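The block underneath contains the structure these notes are about, expressed in structure tokens.
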Amino acid sequence: MIDALSRMGLWAEHEPVMPARTNGLDRGKLAMVYQYLTCDGQEVATKGRFEGPNGKSFLWRLPELDAWGGLHGLRMTDLPLYGAPAVARADPRSVIYFVEGEKAQQACAAHGLLAVCQGGGAAAREIGGLELLRGRPVRLWPDNDPPGIGLMSRVAVALRGIAASVEM
């Protein structure tokens, strides 16, 4: 059960709760892990959310590595959407919510909604993994702030010719 929850990014207690130091900076303690999985459940990368005295920060690691050393040349656009396995198994007519961030995706899933997000945050200029949404109705659900609305505007443009419909 723990392995299944871990693959879905819903179980962080198995991760060591230790400070992450990058370039001499204390990133704080690991608060949550989010595994980015292919449609068939293969891990591509893991994103760690760290909380420290200076707020939250995010670091990445690849499956074969223990250290939070980044994506090692893998681009954000090469990552699957977070939540991809559930969408791949769903009825193609199901509405998919595209949200801003893994916490929002998990909240949607906890309430029975199919949802995805991308790993780059609101600042992302290019969005990858959108082929998963081909022919599906998509509802964009931005955070209620200018960066979130800007992100969803870029996602809407990127989904032209891919999604069956796009609503905000």
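The values are calculated or read from the model by the stated rules, or taken from the named source; none is laboratory data. Just so it is clear, the model here is predicted, and its values are computed rather than measured. As a convention, Cβ positions derive from the backbone with ideal geometry for all residues, glycine included, and neighbour counts pool all protein chains shown. With ligands, DNA and RNA removed, areas are computed over all heavy atoms of the protein, side chains included. Shrake-Rupley method; radii C 1.70, N 1.55, O 1.52, S 1.80 Å.
Only protein atoms count toward the accessible area here, which uses a 1.4 Å probe; on region 28-168, the carbon and sulfur part of that area reaches 53 percent.
About the Cα centre of region 22-168, how large is the charge dipole given +1 on each Lys and Arg Cβ and -1 on each Asp and Glu Cβ? Please answer in debye to the nearest 20. Write down the numbers at each step before the final one.
Numbers: 16 positive and 15 negative charges, 45 e Å.
Taking the Cα centre of region 22-168 as origin, the dipole is about 220 debye.
Note on M76: accessible area approximately 70 square angstrom, rounded to 10, probe 1.4 Å, nucleic acids and ligands left out.
Here each label is just a point 7 Å from Cα along the line to Cβ, and for R75 and A90 those points are 2.7 nm apart. Relative protection proxy for 142-149, 80-87, 37-44, 63-70, from highest mean packing down: 80-87, 37-44, 142-149, 63-70 (other beta-carbon atoms within 10 angstrom). If you find the alpha carbon centre of region 68-86 and of region 143-168, how far apart are they in angstrom? What the calculation gives is 20 Å, centre to centre.
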